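Accompanying notes for the structure given below.
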């Protein structure tokens, strides 16, 4: 009888526990040991902000499994409060410290899986010891103790440092608890991964709900009951939480001589192997491959971690599978507004010198004649040469996650932007439109790819007019009177056939509310002999979000 194989997994949350349970389903006879430094395994860390805010009422709802339940169902040897201090690659053993007893012992392995995750960045600020982070249940409990007064005076004001995904979730949930909340972000916008015109919609919603949003601002010190900004502003803050990002927990790997990237991620191949074939790395600690470039990147997302845990279990069990590159699909909610993205942003593409075609639309989440339809803003980023989809973003109260998920699927399937027009998507008036918002993005992409229309972006209009272009607003006089681009002429679309000769010579930029009537106007004018016509992409609504503020 062959000797029982031993797999040791370091880290028992998303990636580690996915690896352990999948490996057990693949191999009933293997000895699987999970060593977790913290007191809990398999907890829902993405739910932590929502228990802070009282949305998830019971703390136990966050505890998905325990060592006992995992032993009963999967036969796993799960040991919490056990820290792996060192790896002896030659002998294939790890040195383990029992944090309860202080005992140190060795555990042998045939395969070792590093699922050590990432730790929160703590900026080196005066007073940083008073600030909390939110990565695990202990962090959450410490915040709750300050909120309910069990660790001292009850907090009534809060400063959240960092306006990324976690920062937004914390700001909203602390506001739900009744605190006065300031949200401080070093960048010029909230949600820095998004493009500015999309992020501004989120910032506006935060302010409407009482969040004191401070962008282009940095905290310089944390005092006893306040934080000081770089412009000398002092914000009251009984509670301070930093959410400025995470870095991989790769110290164990580095000490063992495993290859680590400049940004601290453990380098792995397409099957999650490190430079030691007996050692794998998965989840937030591991370097991923970017779907756009194939280069290494760090994407600390729970879904990616879970998928990699499953994959590495299959590799260990003998399946010939490889990890796909990552798109970075992400979503966040803030006071009833959803923001989601996939792939690269426009600013990232332009910073990398990549050509990009940009499409903005403002559809409703379902048919406008069915009650309750709500508008969203969608943005599609396309390679102008190949028609490949490079990224997408969406902001709105309903239906945004669905559309970004469809586009993410299309990107994984290597569909072109124009192919979105022909997707067969489920339709009934309460769920969508006969021309779904994703289909509409594809139709615009097809028109642009075919050369049937030309567009300019909100940030290009000023330069176009400086160079002599005339802006023609084809909305109704009432819409025009409510606000338009500087110097725009108003010729309603329905009068354009009869009045087109009134327009001055030279380049024309047509605009409407969201771009649809502008497209019709540009097609009409071209066929009436005006060849140099462009439509303002996304119309007045997109332009006014940023340039018109």
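Reported count of residues in segment 229-257, each being in a loop (DSSP other than H, G, I, E, B) and under 22 Å from residue 121 (Cβ atoms), is 7. The C-beta contact set for segment 179-193 (first residue farther than 12 Å from residue 162 by Cβ and not assigned by TED's automatic domain parsing to the domain that holds residue 148, second residue modelled with pLDDT under 95 and part of a loop (DSSP other than H, G, I, E, B), distance under 9 angstrom, 6+ apart or interchain) is empty.
Only one of the numbered conditions (1) surrounded by fewer than 14 Cβ atoms within 10 Å (Cβ to Cβ); (2) without any contact (Cβ under 8 Å) to a residue 24 or more places away in the chain is not met by residue 151, and that is (1).
So that you can scan it fast, the table gives a plain yes or no per residue for (1) in the same structural domain as residue 28 (by TED's automatic domain parsing); (2) more than 16 Å from the chain's Cα centre (by Cα); (3) over 21 Å from residue 121 (Cβ atoms); (4) surrounded by fewer than 18 Cβ atoms within 10 Å (Cβ to Cβ):
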site: 269; (1), (2), (3), (4): yes, yes, yes, yes
site: 275; (1), (2), (3), (4): yes, yes, yes, yes
site: 288; (1), (2), (3), (4): yes, no, no, no
site: 299; (1), (2), (3), (4): yes, no, no, no
site: 303; (1), (2), (3), (4): yes, no, yes, yes
site: 312; (1), (2), (3), (4): yes, yes, yes, no
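A count restricted to segment 404-416 and to residues that are touching a helix residue (DSSP H, G or I) at 6+ places or on another chain (Cβ under 8 Å) and either touching a residue at least 40 places away in the same chain (Cβ under 8 Å) or not assigned by TED's automatic domain parsing to the domain that holds residue 394 (or both) stands at 1.
Considering segment 375-402, the residues that are in contact with a strand residue (DSSP E or B) (Cβ under 8 Å, 6 or more places away or on another chain) and assigned to a loop (DSSP other than H, G, I, E, B) include one that is surrounded by the fewest Cβ atoms within 10 Å (Cβ to Cβ), namely 386.
Annotation: residue 144 fulfils all but one of (1) out of contact with any helix residue (DSSP H, G or I) (no Cβ under 7 Å at 6 or more places or on another chain); (2) surrounded by 15 or more Cβ atoms within 10 Å (Cβ to Cβ); (3) not assigned by TED's automatic domain parsing to the domain that holds residue 20; the unmet one is (1).
Could you tell me whether segment 272-284 includes any residue that is under 24 Å from residue 48 (Cα atoms) and touching a strand residue (DSSP E or B) at 6+ places or on another chain (Cβ under 7 Å)? Within segment 272-284 (the criterion being under 24 Å from residue 48 (Cα atoms) and touching a strand residue (DSSP E or B) at 6+ places or on another chain (Cβ under 7 Å)), the answer is yes, since at least one residue qualifies. Of all the numbered requirements in (1) closer than 24 Å to residue 39 by Cα; (2) crowded, with 21+ Cβ neighbours inside 10 Å, residue 203 misses one, and that requirement is (1).
The values are calculated or read from the model by the stated rules, or taken from the named source; none is laboratory data. Nothing here was measured: the structure is a model prediction, and the numbers come from that model. As a convention, Cβ positions derive from the backbone with ideal geometry for all residues, glycine included, and neighbour counts pool all protein chains shown.
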